[in-house]
Amino acid sequence: MSDEEIILDCEAIKVLADKIIISIRGDLSDQQTIKNIILNYFNISEETFLAHSRKREESVVPRGFFYLFCKALLPVSLARIGVYAGHRDHATVLNGIRTLCNLMQVEDKEILSHYDYLLNVMEGNGYSRKKITDFVSGRCKR
């Protein structure tokens, strides 16, 4: 490999690295925005959200909505969502989405009210309502 080829390869690597960094920053920014919307709506602190509590209204439902919206809107893995939600693993994230979907299927009025309100807030913040509803209808069969 010539010096010229090595220099070109280094430049290509820099461009690729910049794109990856921008992508990661964008995902983190969106995850933080989604988290802030949910924290504000449920009026809970980030510490409560991240805590390993199983209290339904205090942290389980808000985390479930966080998981659901992140998975519906962002091109990130369940594991990555879990890390951002207090170092939970992918199975916890999946279970949180399933639990929320089950509550929506049995038409839990409180959960449906939260969902409808948060859906409007997400749309108002520039997120695709269609992406969310398509994900929910495919996953939750509401």
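The values are calculated or read from the model by the stated rules, or taken from the named source; none is laboratory data. What you see is a predicted model, and the numbers here were worked out from it, not measured in a lab. Heads up, the Cβs are rebuilt from the backbone with ideal geometry, glycines too, and the neighbour counts pull from every protein chain shown.
Just so you know, in the range 128-142 the residues that are part of a helix (DSSP H, G or I) and of a type in the set (Ser, Thr, Tyr) include one that is farthest from the chain's Cα centre (by Cα), and it is Ser137. Of all residues in the range 1-59, those that are modelled with pLDDT under 80 and of a type in the set (A, V, I, L, M) total 14. Of the helices (runs of 4 or more DSSP H) contained entirely in the range 37-127, those carrying at least 2 residues that are without any contact (Cβ under 8 Å) to a residue 40 or more places away in the chain, of a type outside the set (S, T, N, Q) and more than 22 Å from Ser137 (Cβ to Cβ) fall at 46-50, 78-84, 90-105. Would you point out which residue out of Phe69, Phe42 is surrounded by 15 or more Cβ atoms within 10 Å (Cβ to Cβ), under 25 Å from Gly124 (Cα atoms) and either within 15 Å of the chain's Cα centre (by Cα) or of a type in the set (Lys, Arg) (or both)? Of the residues listed, the single one that is surrounded by 15 or more Cβ atoms within 10 Å (Cβ to Cβ), under 25 Å from Gly124 (Cα atoms) and either within 15 Å of the chain's Cα centre (by Cα) or of a type in the set (Lys, Arg) (or both) is Phe69.
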